[in-house]
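The values are calculated or read from the model by the stated rules, or taken from the named source; none is laboratory data. Remember, predicted model here, so these are calculated numbers, not experimental data. For neighbour counting, all protein chains shown are included, and Cβ atoms are generated from backbone atoms with ideal geometry for every residue, glycine included. These accessible areas exclude ligands, DNA and RNA; they are computed on the full protein's heavy atoms, side chains included. Shrake-Rupley method; radii C 1.70, N 1.55, O 1.52, S 1.80 Å.
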Amino acid sequence: MPDQTRRALLLAALAGALPAVGAAASAAKASAAAASPAAPMPTPTPTLTLLRGESLDEHGQQRPPSPAQRQLFGALERELGVVFAIQTYPWPRAERKALAGAGLIFGLPPTPERLRRLRYSAPAASNRLWLVTRSDATFPFAGLADLTGKTVGAVRGYSYGAAFEQARGKAFRVDDDIASRATRLARLMLRRVDVVLLYQPSSESAAEVEAKVRAYMAPRLRDMGVPATAELSVLPQPMASEPLYFAIARGRDDAIIGRIDAALARLRRQGEPVPPPPPPPAGGRP
């Protein structure tokens, strides 16, 4: 056989063998990979629906949670190992969704009917309920009797306590409006109502709330053509101090309320910047 023919046959044999060697190496690598344990996939953080009642700005847009609420929610997310999926609705709809088991709800005041259907946490924070008037129409206030004959601006679907609800439409008239403080305060300046109820964090004094309200409404009052001498005042005595709770439908409470209570207690022991627990209500915990 000529040398050239032998050389060609040898090269062809080598060319055929090389892919086989490469395939064998690839198979060996695949076998080794299959034999070694796979790296564990990261566990996704559980998501928990958190319902809130809406609070609208002057443009009808939802206002974000207050800094104190964001701080509280963030601390609980870290402590519980969850992510809150916050959903905001008008209060009546938020309550219906909570009763139907759509998630936790925050800030819904307890009533006898709600206590039958919802399980409430320990107090997580608190608000004070202030009375805002025109500066030229203030009045002494020591209790609900001082609202007799007045028209009170309130948020539709919200509860202001059993005593207030019992006196509603009897001792005083209630003007229920949307959850826009700009709209309600504008109605006050236009004398459509005599006083507006306004919740603010319990850490704020009457003077601090008044300063915030005046700064907030100053540009709006100019646009309304209200005289420059017209001002808003916050009465020195709050109408109530209201604890804020988490709650969930009783049939959907898979121990989350107990976990929230334990997390709040731990955070406060550790000195975390979460709102201090308010004084217990006169009737005890809901």
Revision key, fill the gap. Full extension between Ser205 and Glu272 adds, at 0.36 nm per residue less the Cα distance, a length in nm of 21.9 nm
Practice item. Could you work out the local net charge near Arg134, counting Lys and Arg as +1, Asp and Glu as -1, over the other residues with Cβ closer than 9 Å to its Cβ? Key: -2
Exercise for review: Quick one: net charge around Arg173, please, counting Lys, Arg +1 and Asp, Glu -1 for every other residue with C-beta under 15 Å from its C-beta.
Suggested key: +2
Study note, to complete from the structure: Heavy-atom accessible area per residue of the stretch 72-204, all protein chains kept, 1.4 Å probe, expressed in Å², is 42
Check your understanding: Roughly what would the spin-label model give for Thr43 and Gln71, points 7 Å off Cα along C-beta, in nm?
Key -> 3.1
Practice item. Please work out the FRET efficiency for the pair Val83 and Ala182, using the Cβ-Cβ distance as r and a Förster radius of 30 Å; give the result to the nearest 0.05. Key: 0.45
Revision key, fill the gap. Ala163 neighbourhood, Cβ < 15 Å, K/R = +1, D/E = -1, net charge -1
